Amino acid sequence: MRYHQFGLIEQDISQATSGYTLFTPIPKGCHTTYLLDMGGEVVHEWDVKGLRTGYAKLLPNGNLLTALRADLEAVPGREEARVIREFDWDGNSVWQCDAPAQHHDFHRLANGNTVYIGFERFRSDSVARLQGGVAGTEMSDGGVLGDYIREVNASGETVWEWHAQDEMEIENYPIHPLNPRDEFSHANSLFPLPNGDYLISFRRNSWIFIIDRATKKVRWEKNDYGWGGQHDAQQLDNGNIMLFANGQYGESPTHCSRIVEFNFKTGEEVWRYEGSPPWTFYSPHISGAQRLWTGNTLICEGLWGRIFEVTPSGDIVWEYISSHFGPCGPASDDHSKAIGNWVFRAYRYAPDSPEINGRLP
């Protein structure tokens, strides 16, 4: 798909959910998080120099929380030093913590702690247990990266952590046969549940898990290769699970993405959004969705820098295309000619929400 228009494309005032949309362009050279009004105009922005393939979110106090590279002069990579930083409304840095090899996701918890996903090297005994994937595609030195989760307090001290290679029977969760073996298994979202457990999305084997906080063991799981390396798995207020099914492997001859909501207890799909025709909506990586307070859903089709809102019946009532372009792709590859306008995630905030209330004219 090739876009010829950028900025606001569609707005149905009678059906769209009034609020402000936060997004962060991730191409190289983009260093700003933007807050848009419903007309697609920038009403506030933050300098977030050091962002790499990530995003930002607003906290109830109006501050911005994001993850950044710790050393801008270092060569970017999956194992680089990272920090999670909080900026006030005026862009001043008011808090940060070290987050070694942080990637993809992070959250500020209700108790004030901060939790994030990070990469760590698998030990040799863990590598020996790893199943699936394309043979011979480990890292150049034969290593494999796994995921850890760390929760820190306001002082940056670790209060809880989890390591995939120690807490999971990784041999029972093979990597998809089309994916490389340099990672097990690429966690790309971390969702805190009300009881303190964590819902995790593993992209490279299309699996989602709930980790019991007390035992650190998997207490619930679901696998569906038809999701095609999903992103942004979350539990909705109604108890259902919603995720962005990227469709990387495809469930039909034509590749397409879907937003899928299913009943947590039965596994039955209760709602989906797909393009019309289906192949007009497709982002094989990044991307996410947010169920809004009106029942509509805000969708970030990340590969195309497209943010749009749909009703429960699938009608598009608001649409915006990012005009911020730059080199995209893994830092280890030469993507100098791969110019795109990628967006990892986007969020909508109500005008009277704690995040916005009273801070805009």
Checklist entry - Are any residues in the range 150-162 touching a residue at least 24 places away in the same chain (Cβ under 8 Å) and part of a loop (DSSP other than H, G, I, E, B), and if so, which ones? => result Asn153, Ala154, Gly156
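Please determine whether any residue of the range 327-334 is at pLDDT 95 or above and in contact with a strand residue (DSSP E or B) (Cβ under 7 Å, 6 or more places away or on another chain).
no
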Next on the checklist: Restricting to the range 296-329, and then to whatever is among the hydroxyl-bearing types (Ser, Thr, Tyr) and in a strand (DSSP E or B), can you tell me which residue is farthest from the chain's Cα centre (by Cα)?
Outcome noted: Tyr320
Checklist outcome for this item: Only one of (1) touching an Asp or Glu at 6+ places or on another chain (Cβ under 6 Å); (2) of a type in the set (A, V, I, L, M, F, W, C); (3) within 20 Å of Trp160 (Cβ to Cβ) does not apply to Val218, and that is (1)
Checklist outcome for this item: Reported set for the range 15-35 where residues are in contact (Cβ under 8 Å) with a residue 24 or more places away in the chain and in a loop (DSSP other than H, G, I, E, B) is Gln15, Ala16, Thr17, Ser18, Gly19, Ile26, Pro27, Lys28, Gly29, Cys30
Checklist entry - Among Thr66, Thr53, which is the only one that is of a type in the set (Val, Ile, Thr) and farther than 22 Å from Phe202 by Cβ? => result Thr66
Checklist entry - Quick check: is even one residue across the range 82-89 among the aromatic types (Phe, Trp, Tyr), touching a helix residue (DSSP H, G or I) at 6+ places or on another chain (Cβ under 8 Å) and not in a strand (DSSP E or B)? => result no
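Can you spot a residue in the range 194-212 that is part of a loop (DSSP other than H, G, I, E, B), among the small types (Gly, Ala, Ser) and surrounded by 21 or more Cβ atoms within 10 Å (Cβ to Cβ)? Before you say what the answer is, go through the steps one by one.
Residues of the range 194-212 that are part of a loop (DSSP other than H, G, I, E, B), as a first pass: 194-197, 206, 212.
This time we only want the ones that are among the small types (Gly, Ala, Ser), so: 196, 206.
Okay, now just the ones that are also surrounded by 21 or more Cβ atoms within 10 Å (Cβ to Cβ), so 206.
Yes, because at least one residue in the range 194-212 is part of a loop (DSSP other than H, G, I, E, B), among the small types (Gly, Ala, Ser) and surrounded by 21 or more Cβ atoms within 10 Å (Cβ to Cβ).
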Item to check | Condition broken by Lys49, with the remaining ones in (1) closer than 25 Å to Pro327 by Cα; (2) at pLDDT 95 or above; (3) not small (Gly, Ala, Ser) satisfied | outcome: (2)
Item to check | Per-region count, the range 272-295, residues buried (at least 16 other Cβ atoms within 10 Å of the Cβ), in a strand (DSSP E or B) and out of contact with any His (no Cβ under 7 Å at 6 or more places or on another chain) | outcome: 5
Checklist entry - Do we find a residue being surrounded by 15 or more Cβ atoms within 10 Å (Cβ to Cβ), part of a strand (DSSP E or B), free of Cβ contacts under 8 Å to residues at least 24 places away in the same chain and not hydrophobic (A, V, I, L, M, F, W, C) anywhere in the range 54-69? => result yes
Item to check | Options Gly146, Gly133, Gly118, Gly196: the member that is out of contact with any strand residue (DSSP E or B) (no Cβ under 8 Å at 6 or more places or on another chain) and of a type outside the set (Ser, Thr, Tyr) | outcome: Gly196
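Of the residues in the range 163-175, how many are within 21 Å of the chain's Cα centre (by Cα) and either assigned to a helix (DSSP H, G or I) or surrounded by fewer than 21 Cβ atoms within 10 Å (Cβ to Cβ) (or both)? Spell out the reasoning first.
Pass one, the range 163-175, residues within 21 Å of the chain's Cα centre (by Cα): 163-164, 175.
Applying the additional criterion that residues be either assigned to a helix (DSSP H, G or I) or surrounded by fewer than 21 Cβ atoms within 10 Å (Cβ to Cβ) (or both) yields 163-164.
Counting residues in the range 163-175 that are within 21 Å of the chain's Cα centre (by Cα) and either assigned to a helix (DSSP H, G or I) or surrounded by fewer than 21 Cβ atoms within 10 Å (Cβ to Cβ) (or both) gives 2.
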Item to check | Residue, nearest to the chain's Cα centre (by Cα), within the range 36-51, restricted to residues that are surrounded by fewer than 16 Cβ atoms within 10 Å (Cβ to Cβ) and in a loop (DSSP other than H, G, I, E, B) | outcome: Lys49
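Among the residues of the range 123-135, write down those that are touching a residue at least 24 places away in the same chain (Cβ under 8 Å) and not in a strand (DSSP E or B).
First pass over the range 123-135, keeping only residues touching a residue at least 24 places away in the same chain (Cβ under 8 Å): 123, 126, 129-135.
The answer is Arg123, Ser126, Arg129, Leu130, Gln131, Gly133, Val134, Ala135.
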Next on the checklist: Contact list please: Cβ distance under 7 Å, first residue in the range 93-121 and free of Cβ contacts under 8 Å to residues at least 24 places away in the same chain and part of a strand (DSSP E or B), second residue buried (at least 16 other Cβ atoms within 10 Å of the Cβ) and among the aromatic types (Phe, Trp, Tyr), pairs at least six apart or on different chains.
Outcome noted: Ser93/Phe87
Checklist entry - Restricting the search to the range 214-269, which residues are of a type in the set (A, V, I, L, M) and within 19 Å of the chain's Cα centre (by Cα)? => result Ala233, Leu236, Ile241, Met242, Leu243, Ala245, Ile259, Val260
Next on the checklist: I need the full set of residues from the range 178-197 which are in contact (Cβ under 8 Å) with a residue 24 or more places away in the chain and within 18 Å of Val159 (Cα to Cα), in order please.
Outcome noted: Leu190, Phe191, Pro192, Leu193
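Please count how many residues of the range 216-248 are assigned to a strand (DSSP E or B), within 14 Å of Glu261 (Cβ to Cβ) and not basic (Lys, Arg).
Quick first cut of the range 216-248, residues assigned to a strand (DSSP E or B) only: 218-223, 231-235, 241-245.
The next check asks that each one be within 14 Å of Glu261 (Cβ to Cβ); those that pass are 222, 232-235, 241-245.
Subsequent filtering for residues that are not basic (Lys, Arg) retains 232-235, 241-245.
The qualifying residues number 9.
The values are calculated or read from the model by the stated rules, or taken from the named source; none is laboratory data. It should be emphasised that the depicted structure is a prediction, and the values quoted were computed from it without experimental measurement. Glycine gets a Cβ as well: all are built from the backbone with ideal geometry, and neighbour counts include every protein chain shown.
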